[in-house]
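Contents: one structure, followed by commentary.
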């Protein structure tokens with residue numbers, strides 16, 4: 001099965017892809033102008049790569065857990081994704097991605113660290129399968 005993963009943020013949505021459940025690569029992130037545009041763009045990427053399962057990063061713990069959880073589940077409902085949807089704890093994935101990208105990416109606002117976070121989320125999910 002082919003897997004996709006997203007790290008939903010307020011400005012950008014990181015995306016990662018696994019063609020076989022073992023190798024995971026970050027994809028070009030979606031810059032978010034509004035929810036509907038972002039949902040269409042994310043769905044287009046998932047369809048382009050033929051993903052049968054979408055893994056969504058969801059915060060567990062922390063002060064913003066409830067608010068971000070509500071926003072993320074609402075965004076996922078806008079996707080109209082026909083495959084399976086799984087939620088994975090994203091705790092610390094953004095910090096880990098920032099550490100991995102330190103000195104590699106020049107522009108922090110281009111969303112590449114967001115896609116690295118999505119890669120980390122998908123790798124965590126695939127480890128527990």
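Read the figures in this text as sums done on the coordinates, not as results from a lab. Nothing here was measured: the structure is a model prediction, and the numbers come from that model.
Relative to the present Cα-Cα distance, how much length would full extension add between residue 2 and residue 129 at 0.36 nm per residue of separation? It would help to have the intermediate numbers written out before the result.
On the way: separation 127, 0.36 × 127 = 45.72 nm, distance 1.36 nm.
Extra length from residue 2 to residue 129 when fully extended: 44.4 nm.
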Open item on the list: Could you give the length gained by full extension between residue 95 and residue 78, i.e. 0.36 nm per residue of separation minus their alpha carbon distance, to one decimal place?
Closed with: 3.4 nm
Open item on the list: For Cα pairs less than 8 Å apart in space and 6+ apart in sequence, what is the mean separation divided by the residue count of the chain, i.e. the relative contact order in percent?
Closed with: 35
Task: Estimated [θ] at 222 nm from DSSP helical runs (n ≥ 4, -39500 (n - 2.57)) normalised by residues in the chain, nearest 500 - done: -13000 deg cm²/dmol
Open item on the list: Relative contact order for the stretch 37-86: what percent, with Cα pairs under 8 Å and sequence separation of 6 or more?
Closed with: 58
